[in-house]
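Encoded as structure tokens, the structure appears first; notes follow it.
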Amino acid sequence: MSTLKRYEKYTREDIHDIFSPNTKFTRSAGYWGISGIIRIPDSINDFAFLVTLGTEQAGHKFKEGITENGVFTWQSQPSQTLSTPIIRKLIEHDEQINTIYLFLRTSKKEKYTYLGDLAYLSHDNEKENPVYFKWQILDFNENAAVKAVNGLEIDTFEVGNIHMDQ
């Protein structure tokens, strides 16, 4: 696997080529071409998150963002519930054993920026369709992130003002 560089920009195809170089990449198709949560091949619990802030899907406007301390508020797909298998795996995530790589952009016209790895903090037990999560971006550097991600605004409050329980 090629080495990822924090705060560098990557296309979906670049990300595919790093994690799954022996498979075919098809633009706008398959996991690597469409999905936001991609399981890393040959691993049960390692994932790549490809996130575009400020998007809307099936009438749902995602309320996601990053605080100055690197707390990333993220929502699953609107169809996912607390009992969806992938959501259960994310809730059980242990960054000491497995890795979730965060790639972020603020516009579909932009490449993704690799912001680092995530550690699970909490999820909201009261909300699903989508499920609301809080993640810690490990070794987060606010200035480097703002400089690297075009249009990234750091939130100075809890995103969406939602109550989170573990």
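The values are calculated or read from the model by the stated rules, or taken from the named source; none is laboratory data. Computed from a prediction, not measured in an experiment: that's the story for all the values here. Note that each Cβ is placed from the backbone with ideal geometry, even for glycine, and that neighbours are counted across all protein chains shown. Protein only, heavy atoms only, side chains kept; ligands, DNA and RNA dropped before computing areas. Shrake-Rupley method; radii C 1.70, N 1.55, O 1.52, S 1.80 Å.
Scanning segment 108-122 for residues that are assigned to a strand (DSSP E or B) and either of a type in the set (Val, Ile, Thr) or out of contact with any strand residue (DSSP E or B) (no Cβ under 7 Å at 6 or more places or on another chain) (or both) gives a single hit, 113. Just one residue in the set 6, 105 is among the charged types (D, E, K, R) and more than 13 Å from the chain's Cα centre (by Cα); that residue is 6.
The set of residues from segment 123-147 being more than 16 Å from the chain's Cα centre (by Cα) and closer than 16 Å to residue 105 by Cβ comprises 144, 146, 147.
Across segment 133-164, the qualifying residues are those that are of a type in the set (Phe, Trp, Tyr) and modelled with pLDDT of 95 or more, and the one among them that is farthest from residue 63 (Cα to Cα) is 140.
Quick check: anything in segment 70-87 crowded, with 19+ Cβ neighbours inside 10 Å, among the hydroxyl-bearing types (Ser, Thr, Tyr), at pLDDT 90 or above and under 27 Å from residue 146 (Cα atoms)? Checking segment 70-87: at least one residue is crowded, with 19+ Cβ neighbours inside 10 Å, among the hydroxyl-bearing types (Ser, Thr, Tyr), at pLDDT 90 or above and under 27 Å from residue 146 (Cα atoms).
Within segment 123-154, being crowded, with 17+ Cβ neighbours inside 10 Å and assigned to a strand (DSSP E or B) holds for 123, 132, 133, 134, 135, 136, 137. Summed over segment 17-65, the residues that are open to solvent by less than 30 Å² (accessible area, probe 1.4 Å), assigned to a helix (DSSP H, G or I) and over 20 Å from residue 106 (Cα atoms) give a count of 2.
Out of all the residues in segment 27-44, is one or more within 16 Å of residue 89 (Cα to Cα), touching a Leu at 6+ places or on another chain (Cβ under 9 Å), without any contact (Cβ under 8 Å) to a residue 24 or more places away in the chain and β-branched (Val, Ile, Thr)? Checked segment 27-44: at least one residue is within 16 Å of residue 89 (Cα to Cα), touching a Leu at 6+ places or on another chain (Cβ under 9 Å), without any contact (Cβ under 8 Å) to a residue 24 or more places away in the chain and β-branched (Val, Ile, Thr). Whenever a residue of segment 54-83 is within 20 Å of residue 114 (Cβ to Cβ) and of a type in the set (Asp, Glu), its partners that are in a loop (DSSP other than H, G, I, E, B) and at pLDDT 90 or above, lying with C-beta atoms within less than 6 angstrom and at least six residues away or across chains, give the pairs 64/53.
The residue that is modelled with the lowest pLDDT, among those in segment 3-16 that are part of a loop (DSSP other than H, G, I, E, B) and open to solvent by less than 70 Å² (accessible area, probe 1.4 Å), is 4.
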